[in-house]
1. Need the failing condition index for I238 against (1) of a type in the set (A, V, I, L, M, F, W, C); (2) open to solvent by less than 20 Å² (accessible area, probe 1.4 Å); (3) without any contact (Cβ under 8 Å) to a residue 12 or more places away in the chain, just the number.
2. If we keep just the residues of region 78-120 that are over 14 Å from M56 (Cα atoms) and among the β-branched types (V, I, T), which is surrounded by the most Cβ atoms within 10 Å (Cβ to Cβ)?
3. Just need a number here: residues in region 182-228 that are under 20 Å from S92 (Cα atoms) and open to solvent by 40 Å² or more (accessible area, probe 1.4 Å).
4. Output the residues belonging to region 94-112 that are outside any loop (DSSP other than H, G, I, E, B) and without any contact (Cβ under 8 Å) to a residue 40 or more places away in the chain.
5. Answer yes or no as to whether P375 is over 28 Å from F144 (Cα atoms) and at pLDDT below 90.
6. List every residue pair whose Cβ atoms lie under 7 Å apart, where the two residues are 6 or more positions apart in sequence or sit on different chains, the first residue falls within region 292-315 and is within 19 Å of K237 (Cβ to Cβ), and the second residue, located anywhere, is of a type in the set (D, E, K, R) and buried (at least 19 other Cβ atoms within 10 Å of the Cβ).
7. Restricting region 316-371 to residues that are outside any strand (DSSP E or B) and among the β-branched types (V, I, T), which is modelled with the lowest pLDDT?
8. Given the residues K60, K75, which is the only one that is over 18 Å from I115 (Cα atoms), open to solvent by 80 Å² or more (accessible area, probe 1.4 Å) and at pLDDT below 80?
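The values are calculated or read from the model by the stated rules, or taken from the named source; none is laboratory data. This one's a predicted model, so the numbers in the text were calculated from it and none came from an experiment. Backbone-built Cβ (ideal geometry, glycine too); neighbour counts: all protein chains shown. Heads up: the accessible areas ignore ligands, DNA and RNA and are worked out on the full protein's heavy atoms, side chains in. Shrake-Rupley method; radii C 1.70, N 1.55, O 1.52, S 1.80 Å.
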Amino acid sequence: MSKWSELPNDILMLVLKRLPLIFDHIRFSFVCSSWQQAMVENCGCLLSPRQLPLLMLPDKERSRIRQFFSVSENKLYNIQLPLFNGKWCCGSCMGWLITVDERSNVHLLNPLSRIQIQLPSLDKFTYHQYHTDPDLPSDYAYIFKAVLSASPISTPNYIVVAIVTTMLRLSFYKPGDETWTTLETQWDPFKDVIYYKGQFYAINHRGAVVICNFASSDLPKFTEIMPAPPFWERNDKIYLLESAGELLKVIRLYDWNPELDRYYGLDYEDEDEDGGYIIRDYGGQENPPPEWFYKTVMFNVFQLDQNTRKWIKAESLDDQMLFLGYNSSMSLSANDFSQCKGNCIYFTDDNEDASGCLDNGVFDMKDVSVKPCYPNSPSWITEPIWIEPNLC
């Protein structure tokens with residue numbers, strides 16, 4: 001009988017070409033050392049250019065093992081991540097997690113290849129902030145989101161741009177810098193940032209969109225391409241992302257539990273003589289908390305018309321799937337993943353005031369419904385986050 005380890009490389013290539021998912025390649029590499037070598041040498045050209053993101057679930061017990069949920073397989077994977085122990089995640093982009101530990105060290109970490117790159121620590125930021133919650137590390141939630149211009153493995157000339165502090169300012173790092181550079185602009189505070197067509201795009205709380213051009217000097221040049229709408233547009237969360245080559249703005253709306261005010265000890269009843277509400281204080285939190293604080297009920301999607309520079313509301317995403325949360329927002333075609341449904345938005349709980357991180361699910365654009373699609377898991381310190389798997 002032939003030995004599996006002695007199969008010719010061209011036969012192994014034929015097998016690999018029929019394995020579309022990254023976990024199939026990982027399983028393939030476990031057979032023997034020669035199969036592992038074939039996978040390592042060819043994973044970049046055999047895997048599809050974009051992989052379906054995995055959902056990294058919260059760490060509940062400071063374990064070295066983290067759980068990753070595969071939407072396509074409806075299955076949980078346990079992956080040993082000793083480098084992640086004692087850290088929390090504040091973003092993901094291009095297969096890399098942005099992590100912070102209790103000593104304020106900041107790293108880029110690829111959870112599959114386990115490559116780790118150190119960035120300047122939190123005390124190397126221009127602005128300092130300390131969290132007031134005694135149960136959390138002092139610098140928790142300093143970085144709200146971070147994105148990359150390129151994978152650090154593919155080029156040494158990448159840039160990291162982050163949204164930082166409760167002021168939600170932009171800060172950036174380039175390899176070789178000893179500190180982060182935090183920027184004050186007329187558009188602060190920012191709600192999301194992406195890398196699109198070779199430049200960083202950011203959107204603020206009012207909906208204004210700016211380009212951050214790093215080509216001209218050490219500091220980026222800001223150009224407003226979309227002003228804020230003249231009227232206040234309700235958005236509990238707002239995102240930017242690229243989908244099929246187009247720039248999208250996505251607005252997320254919550255339904256807040258009416259029992260919250262009474263839970264926190266306040267009740268808004270009647271109107272005073274000036275037309276305002278009389279606030280009655282009930283002493284606060286004498287009753288158990290409600291089962292839910294808020295839940296996502298709607299997404300509104302807009303596409304930028306490059307000619308008129310206007311946002312056009314999109315009634316359908318066609319075959320596209322959007323993945324939103326603390327990750328760099330992304331879009332994939334369901335045609336490339338037969339197990340998944342297009343015209344849907346997969347979302348995680350990325351509310352800064354999250355309590356329990358249970359607002360996760362999938363929003364169907366066609367029937368305007370929200371359904372669960374993965375396990376809800378109360379968080380110790382890190383919210384669930386999408387990560388696009390990358391072995392290279």
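1. The failed condition is (3).
2. V106
3. Number satisfying all stated conditions: 5.
4. Hits for region 94-112 are T99, D101, V106, H107, L109.
5. It is false that P375 is over 28 Å from F144 (Cα atoms) and at pLDDT below 90.
6. Once the first residue is within 19 Å of K237 (Cβ to Cβ) and sits in region 292-315, its partners that are of a type in the set (D, E, K, R) and buried (at least 19 other Cβ atoms within 10 Å of the Cβ) give Y294/D359; K295/D359; T296/R252; T296/D359; F299/R252; F302/K249; W311/K249.
7. If we filter region 316-371 for residues that are outside any strand (DSSP E or B), which is where we start, we get 316-319, 325-326, 328-329, 334-343, 348-360, 365-368.
With the extra rule that they be among the β-branched types (V, I, T), the set shrinks to 348, 368.
Numbers: T348: 90, V368: 93.
Going through the qualifying residues, I end up with T348.
8. K60
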